[in-house]
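Visitor: Below is the structure I would like to discuss, written out as structure tokens.
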Amino acid sequence: MPNIQEVFRKSYDILYQELKPSDEQAKAANDIINCKSEELGYNISTCSDCGHSERHYNSCRNRHCPSCQAIPREVWIDSRKAEVFDAAYFHVVFTLPAELNPLIYANQDLIYSLMHKCVSQTLLQLSLDKRYLGATPGIIQILHTWGQNLSYHPHIHCIVSGAGLTRDKKLLYSRKKFFIPVKVLRNMFRGKFLAHLKQLYNKNRLVFSKSCNDLQILTQWNSFINALYEKDWIPYIKETFNGNGNAIDYLGRYTHKIAISNSRIKEVTEDTVTFSAKDYRTGKQKNITVSHLEFMRRFLMHILPKRFHKIRYYGLLSNRFKKDNLKLIATLIGKALFVATLKTMKKDEILKALWNIDIHRCPSCGGSNVGPPGSIYPLRL
């Protein structure tokens, strides 16, 4: 089957010479190229019944690798199910005007964090307002940077609980589909983001690439900001879920998602890549064909800065107070919350539990006496 690794193996050396990727982009590319190959080492497992042995190549475990996300995603989903309760949950998406893209790309770590900050402040401040909810909800936020055609499109997905804890520690439920009007969300988010962005500019903390270099001129910057105030920043409310796990199952599709999956790669030739993408004008799938270099250029735009946390937790799910808040909620609703189990299980146990893959069963004789892999190359297990 055609896949992303094939593209990078064929043409990455050319891209490296022509486009000079960053250190983090180069690391991701090399990890994808070497994933499950001898470059990362291997283990050998042997059946004690018939002597049959198999070689297992190590995966790269890079968060941008299309082959390394299945188990981390399932463990994350299982852990998050222990943090939801019986209430409505809302999927809210915050986007930015495309005019900001060159500036964001030149300041990724700084502005991605600013996006998270402004989204969380907007949701929490408005949620506490008694006109809307009057309580602090649980919020999970996930940064994505791509569109279906691999274009640069930074936005944040949020799952927001339709119930929250009041200041006097009572659980208050929303009576509306989504308790904050979209226009109110838009105005506050836009105001907060642009106010913080202007502060960064005034403190000389922004970097300007060639595509936005003219913004260093104060008059150009002021015109740019004024035009952004006039833009219609439209957050939108997607699906609504209940808290019995399906909100988290749905969000799991977004958490460990990368810019494009192998399932969307339709054909790889010596020079081109064809992949499927949703056409938002028609709602139908279409095929897009680009050169290897253009495909890799688009893919590498979405490699996140080193150690950047794309998933963040706020409100009653903030790390500092989450444990106490969830314990209180379980008491208030008189019902124990879901107990996560996958995070304490070994990888072979997870494979068996989720996909009925038994790595201890011999594919040759059918016996169940295949021992744990023995390390042949210095490897990570």
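Visitor: Looking at the stretch 334-363, which of its residues are in a loop (DSSP other than H, G, I, E, B), touching a residue at least 24 places away in the same chain (Cβ under 8 Å) and surrounded by fewer than 14 Cβ atoms within 10 Å (Cβ to Cβ)?
Guide: LYS335, VAL339, PRO363
Visitor: I'd like the residue in the stretch 120-141 that is hydrophobic (A, V, I, L, M, F, W, C) and under 20 Å from PHE85 (Cβ atoms) and, out of all such residues, is nearest to the chain's Cα centre (by Cα). Give the steps one after another, and end with the answer.
Guide: Residues of the stretch 120-141 hydrophobic (A, V, I, L, M, F, W, C): 123-124, 126, 128, 133, 135, 139-140.
Filter once more, so that each one left must be under 20 Å from PHE85 (Cβ atoms): 123-124, 128, 133, 135, 139-140.
Working: LEU123: 19, LEU124: 21, LEU128: 27, LEU133: 28, ALA135: 27, ILE139: 15, ILE140: 11 Å.
Among residues in the stretch 120-141 that are hydrophobic (A, V, I, L, M, F, W, C) and under 20 Å from PHE85 (Cβ atoms), the one nearest to the chain's Cα centre (by Cα) is ILE140.
Visitor: Here is a check on your reading of the model: is ALA82 over 26 Å from THR289 (Cβ atoms) and within 26 Å of the chain's Cα centre (by Cα)? Before you say what the answer is, go through the steps one by one.
Guide: On the way: over 26 Å from THR289 (Cβ atoms): yes; within 26 Å of the chain's Cα centre (by Cα): yes.
Spelling it out, ALA82 is indeed over 26 Å from THR289 (Cβ atoms) and within 26 Å of the chain's Cα centre (by Cα).
Visitor: Let me ask something else about it. So, of the residues in the stretch 33-59 that are touching a Ser or Thr at 6+ places or on another chain (Cβ under 8 Å) and either under 21 Å from LEU304 (Cβ atoms) or of a type in the set (Val, Ile, Thr) (or both), which turns out to be modelled with the highest pLDDT?
Guide: CYS35
Table: residues versus (1) over 25 Å from the mean Cα position of the chain (by Cα); (2) more than 24 Å from HIS302 (Cα to Cα); (3) crowded, with 17+ Cβ neighbours inside 10 Å.
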{"site": "TYR16", "(1), (2), (3)": "yes, no, no"}
{"site": "LYS36", "(1), (2), (3)": "no, no, no"}
{"site": "SER48", "(1), (2), (3)": "yes, yes, no"}
{"site": "ARG55", "(1), (2), (3)": "yes, yes, no"}
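Visitor: Looking at the stretch 122-142, is at least one residue among the aromatic types (Phe, Trp, Tyr) and in contact (Cβ under 8 Å) with a residue 60 or more places away in the chain? Talk me through it step by step, then tell me what you get.
Guide: Restricting attention to the stretch 122-142, the residues satisfying the condition of being among the aromatic types (Phe, Trp, Tyr) are 132.
Those left that are additionally in contact (Cβ under 8 Å) with a residue 60 or more places away in the chain: none.
Checking the stretch 122-142: not a single residue is among the aromatic types (Phe, Trp, Tyr) and in contact (Cβ under 8 Å) with a residue 60 or more places away in the chain.
Visitor: Now a separate question. I need the full set of residues from the stretch 169-180 which are in contact (Cβ under 8 Å) with a residue 12 or more places away in the chain and farther than 13 Å from ALA135 by Cα, in order please. Write out each step before concluding.
Guide: Taking the stretch 169-180 as the starting set, the residues that turn out to be in contact (Cβ under 8 Å) with a residue 12 or more places away in the chain are 169-174, 177-180.
LYS177, PHE178 - these are the residues of the stretch 169-180 that are in contact (Cβ under 8 Å) with a residue 12 or more places away in the chain and farther than 13 Å from ALA135 by Cα.
Visitor: Let me ask something additional. Quick check on the stretch 231-246. Is at least one of its residues farther than 14 Å from VAL160 by Cα, modelled with pLDDT of 85 or more, of a type in the set (Lys, Arg) and out of contact with any strand residue (DSSP E or B) (no Cβ under 9 Å at 6 or more places or on another chain)?
Guide: yes
The values are calculated or read from the model by the stated rules, or taken from the named source; none is laboratory data. If you're wondering where the values come from, they're calculated on a predicted model, not measured in any experiment. With ideal geometry, Cβ positions are generated from the backbone for all residues, glycine too; neighbour counts draw on all protein chains shown.
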